[in-house]
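Encoded as structure tokens, here's the structure I'll be asking about.
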Amino acid sequence: GVCQATYTAASSPGSPTLGVTIGGGPVVNSPKTITVSAGTVARLAITGSATMTAGGTQTITITAYDSHGNVASAYTGAHTLVFSGAAVAPYNSTPPTVAGTALGTGTSLTFVNGSITAAMQLYKAETALIAAVDNASSVNAAGADRLSVTVSAAALDTSQSQLSVAATTLAEGGT
């Protein structure tokens, strides 16, 4: 006779074993090992330090996940992400960057097994909420997958500071 069974795979990758019995006895060629792989990328997540100093650099990690929360290891190779969520420096309009590319501009990153690290520089003292989107794959880091960074003001660099004083003409009587 013919017997049909439905197996629902676990949501995490691995190699579970499926054994089939009929009437208490094993079926020929049972058990079988089934390979469960992560699904396609459904979202990105950015992790890193929650604090940094303006003008400093930190290493962030961008990880691709499938819809079950597994690392989407097939998300490999070059992907162009557009980062957002931080403002330019107030004094000289230096833009924040990831991997040396200004936020708001496509940044090419080469993922390995669903993950990549990159250097991020922020210049304005603020609470930045760093997000990313891969428009080609229609995935992004949104909501809780964004990185919240409190950027504190850097110490005053007196070698970069200037004070200008202009001479004025006083009226008679010193006023």
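Once amide H atoms are placed 1.01 Å from N in the peptide plane, what residues at a sequence separation of 5 or more from Asn113, or on another chain, have their amide H within under 5 Å of its amide H?
Gly77
How long is the gain from Ala166 to Ala119 if the chain were fully straight, where each residue apart is worth 0.36 nm and the alpha carbon distance is subtracted?
Here the segment from Ala166 to Ala119 would lengthen by 12.6 nm.
Relative contact order for the range 48-116: what percent, with Cα pairs under 8 Å and sequence separation of 6 or more?
That works out to 37 percent.
Further question: Taking 0.36 nm per intervening residue step and subtracting the Cα-Cα distance, what contour gain separates Thr57 from Ala42 on full extension? All intermediate terms of the calculation are to be shown ahead of the outcome.
Working: separation 15, 0.36 × 15 = 5.40 nm, distance 2.85 nm.
Contour length minus the Cα-Cα distance gives 2.6 nm.
In whole Hz, with x marking every Gly and Pro, tabulate ³J(HN,Hα) for the range 53-63 from phi via Karplus 6.51 cos²θ - 1.76 cosθ + 1.60, θ = phi - 60°.
9, 3, x, x, 10, 9, 8, 10, 10, 10, 10
Taking H as built 1.01 Å from N, whose amide H comes closer than 5 Å to the amide H of Thr107, not counting residues under 5 places away?
Those qualifying (amide H under 5 Å, at least 5 residues apart or on another chain) are Leu81, Val82, Phe83.
In terms of solvent-accessible area of protein heavy atoms at a 1.4 angstrom probe, what is the ranking of Leu44, Leu103, highest value first?
Values: Leu44 0, Leu103 35 Å².
Largest accessible area first, the list is Leu103, Leu44.
Rank by packing, highest mean first: peptides 65-74, 146-155, with packing defined as the count of other Cβ atoms within 10 Å averaged across residues.
Going from most to least packed, we get 65-74, 146-155.
Rank by packing, highest mean first: peptides 88-100, 120-132, with packing defined as the count of other Cβ atoms within 10 Å averaged across residues.
Ranking the peptides 88-100, 120-132 by packing returns 120-132, 88-100.
The values are calculated or read from the model by the stated rules, or taken from the named source; none is laboratory data. Just so you know, these numbers come straight off a predicted model, no measurement behind them. Reconstructed Cβ throughout: ideal geometry from the backbone, glycine too, with neighbour counts over all protein chains shown. SASA here: full protein model, heavy atoms, side chains in, ligands and nucleic acids out. Shrake-Rupley method; radii C 1.70, N 1.55, O 1.52, S 1.80 Å.
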